[in-house]
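Novice: My questions all concern the structure below.
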Amino acid sequence: MSSTRAGWLPPASSRSIVENYVTRMASQLPEDFAFATLVPWGSPHKPGRLVAPDAAHEGHWDAREIASLVSGCTHLLVPCTFETQYEKRMLKNLLRQIEPNNNFRVALLQLLEIPGNMNREYVDMLMARHDVLLPLGADMVILDPSDDPDGLCAELNLQWAWLEATALRAQCMVEGADEKAEATLKYHHELLWESMPKVMMRGFPPVDHSLVETATRVGDLQLVRNLNPRNSNVFLARRSATEKVALKVYDKSNYVTAGDVENIYRELSFLRDVLRHPHIVQCTSVLHSFSRVYLALEVGGTKNLSQHLMNQPGYRADSQEAVDCTAQIAEALAFCHSRDIVHRQVSLDHIMVDDQSETPFCRLVDFFAATCCMGSTPSTTACGELPCIAPEMVLDASYAAKPADCWSLGVVLLEAAGGLGSMRLAVGWLEDTELEPAAARVRRFFSSEGSCARALAAMGGVRSPAVLARLSGLLEPEPTARASAGAICGSSEAP
């Protein structure tokens, strides 16, 4: 094995964790369970019912060994740590090789080396690895699987039941079997919103079947009005004459996958437990009924930035105000990025503005698409919409999420200083243009010299050296050359 390839492998301690786990569990599980590893087996003793990649041929498993497992096993367990991209690459190869044998159920077992001091940074790092595992094509991913054979079987059975319930739910909907569908939906709800959070999301509150919900009240919160006409799930609510909250409502009928629940839980965790910053709204409480989840958030302002600009002459702020607002959100993003958290949907709608004072105070909201992103780990999920979505999110197979946040921040500055619609007018796409061709036009436009100045002046002839300097750093088509959020947090003085 070459020294270069050896450097890609997980560290020896992690490989030891995997091999020790397989050695302990292989002989104690039922005979229809088999194991596969993503790195060559190094221990002198190799358990039965185990396939490991060939040490001499990267990403190759012996086809005869796989065929032998297929004849007698139905469950393939793949323990891994996912500390390096090597394991991700090997998993794709393994799934491709066993794909013809569709009687296998493949479960990824994410093994953890729990430190003596479990801090928030370590948990975020583990969840970032977990996020990479989820979309790779296995039937399920189990975080920190049990060391006890009976416990592991129980975890697997819960996950299998969830998969079967999801499939049955889809079948019932297609066939129109109302009675069966009702029972299945109930079972689906229990698995998705009660069993899974209880096992995997300890900070997620259980269903409160006694929670009062009416058209004007949720629990002890009185609904006042909708905060955003374009987003009907956020309301201004009050608990008393002096205490107000922004109530974000998740209707469960619109969130039907485990990934949806994880996104809600992640937003709750970030805004309640992790991200405490003056320019990020905090979650003060959460309510959970049979049909909805409610996040009670600090009121970041009565308008979002788009609404605020609609009330300004020329649909834009003056250069000083635009720079100030952008600097505030840059501080929030720099804080998130320093903790390896990315927002992925920075936009004018997701910035709330308190404009009651001389200088508007801005806060970043809506962390539903936010996730952990360790170091240079790429993302693959395109989030957001025009005009703020980064072109690489749409056009490339994967992208670096922190620079993508910074591109979106640049578009916010352009729209705030140049006027709402500056990006579309400058680049020249129509209202109904599809996302991909519009993103391609954006990338081409900003690859040309002087593009930022042309975009800033497109609507009202705005020319501001302070704004232009920041735009030139943020609206850089090459992500690796793009300015960081921290670099934009400096002086906000505009001439």
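The values are calculated or read from the model by the stated rules, or taken from the named source; none is laboratory data. In this text the structure is predicted, and so the values were computed from the model without any measurement. Cβ sites come from the backbone with ideal geometry, for glycine too, and all protein chains shown count toward neighbours. Surface areas here come from the heavy atoms of the whole protein model, side chains and all, with no ligands, DNA or RNA. Shrake-Rupley method; radii C 1.70, N 1.55, O 1.52, S 1.80 Å.
Novice: Taking the Cα centre of the chain as origin and charging only Cβ (+1 Lys, Arg; -1 Asp, Glu), how large is the dipole, in debye to the nearest 20? Each step should come with its number before you reach the end.
Specialist: Working: 44 positive and 60 negative charges, 130 e Å.
My answer is approximately 620 debye.
Novice: Normalise the Cα radius of gyration of segment 318-384 by 2.2 N^0.38 Å (N = residues in it) and let me know the number.
Specialist: 1.23
Novice: While we're looking at this one, here's another question. Just the number please: accessible area per residue for segment 378-446, 1.4 Å probe, all protein chains included, in Å².
Specialist: On the way: 2560 Å² over 69 residues.
I get 37 Å² per residue for segment 378-446.
Novice: How high is the FRET efficiency between Ser285 and Gln356 when r is their beta carbon distance and R₀ equals 25 Å, given to the nearest 0.05? Could you put the intermediate results ahead of the total?
Specialist: On the way: r = 25 Å, r/R0 = 0.99.
It comes to 0.50.
Novice: Expected output is a single nm value to one decimal: the length gained when fully extending between Leu430 and Ala453, i.e. 0.36 nm times separation in residues minus the C-alpha distance. What is it?
Specialist: So the extension gain works out to 6.1 nm.
Novice: Now for a different question. At a Förster radius of 22 Å, what calculated FRET efficiency corresponds to the Cβ-Cβ distance of Thr23 and Lys88, to the nearest 0.05?
Specialist: Using R0 = 22 Å, I get an efficiency of 0.35.
Novice: So, for segment 262-345, what is the accessible surface per residue at a probe of 1.4 Å, expressed in square angstrom?
Specialist: Details: 2750 Å² over 84 residues.
Per residue, segment 262-345 has an accessible area of 33 Å².
Novice: With every protein chain present, what accessible area does Thr359 have (1.4 Å probe, heavy atoms only), rounded to the nearest 10 Å²?
Specialist: In the full protein context, Thr359 sits at about 70 Å².
Novice: A further question follows. With a 1.4 Å probe and all protein chains left in place, how much accessible area per residue does segment 202-259 have, in Å²?
Specialist: Details: 3380 Å² over 58 residues.
Solvent-accessible surface per residue comes out at 58 Å².
Novice: Contour minus end-to-end for Asn233 and Trp160, with contour as 0.36 nm per residue of separation and end-to-end as the Cα-Cα distance? Before the final figure, lay out the partial values.
Specialist: Values: separation 73, 0.36 × 73 = 26.28 nm, distance 3.26 nm.
Full-extension gain reported as 23.0 nm.
Novice: Between Val224 and Ser253, what is the FRET efficiency for a Förster distance of 30 Å, r being their Cβ-Cβ separation, to the nearest 0.05?
Specialist: Numbers: r = 24 Å, r/R0 = 0.82.
So the FRET efficiency works out to roughly 0.75.
Novice: Here's a follow-up. Rank these by accessible area, largest first, 1.4 Å probe: Glu213, Glu478, Glu262.
Specialist: Glu478, Glu213, Glu262
Novice: Separate question: Under 20 Å between alpha carbons: how many lysine pairs meet that in the chain, if sequence neighbours fewer than 8 apart on the same chain are excluded? If you can, show how the numbers build up before the last one.
Specialist: On the way: Lys180/Lys252; Lys186/Lys198; Lys186/Lys252; Lys198/Lys252; Lys244/Lys303; Lys248/Lys303.
Number of lysine pairs found: 6.
Novice: Express the carbon and sulfur contribution to the solvent-accessible surface of the chain as a percent, rounded to the nearest whole number, probe 1.4 angstrom.
Specialist: 51
Novice: Under the √(5λ) rule applied to the eigenvalues of the Cα gyration tensor, what semi-axes describe the equivalent ellipsoid of the chain? Give them in Å, descending.
Specialist: Numbers: eigenvalues 388, 173, 80 Å².
Whole-Å semi-axes of the equivalent ellipsoid: 44, 29, 20.
Novice: Remind me, what semi-axes does segment 327-445 give for its equivalent ellipsoid, largest first in whole Å, using sqrt of 5 times each Cα gyration tensor eigenvalue? Can you show the working numbers first?
Specialist: Working: eigenvalues 100, 87, 21 Å².
Whole-Å semi-axes of the equivalent ellipsoid: 22, 21, 10.
Novice: Which order do you get for Asp150, Asp131, Asp208, Asp405 if you rank them by accessible area with a 1.4 Å probe, largest at the top?
Specialist: On the way: Asp150 115, Asp131 35, Asp208 65, Asp405 0 Å².
Largest accessible area first, the residues go Asp150, Asp208, Asp131, Asp405.
Novice: Next question, about the same structure. If you average the sequence gap of Cα pairs under 8 Å that are 6 or more apart and divide by the length of the chain, what percent do you get for the contact order?
Specialist: On the way: 789 pairs, mean separation 46.5, N = 495.
9 percent.
Novice: Got the relative contact order for segment 255-319 handy, in percent, Cα pairs under 8 Å and 6 or more residues apart? Write out the running numbers ahead of the final one.
Specialist: Numbers: 43 pairs, mean separation 11.3, N = 65.
Relative contact order for segment 255-319 comes out at 17 percent.
Novice: Here is a follow-up. On a 1.4 Å probe surface of the protein chains, which of Arg363, Arg120, Arg463 comes out largest in accessible area, and what is the full order?
Specialist: Arg463, Arg120, Arg363
Novice: Say each of Ser195 and Val212 gets a label point 7 Å from the Cα, pointing the same way as Cα to Cβ; how far apart are those two points in nm?
Specialist: 3.4
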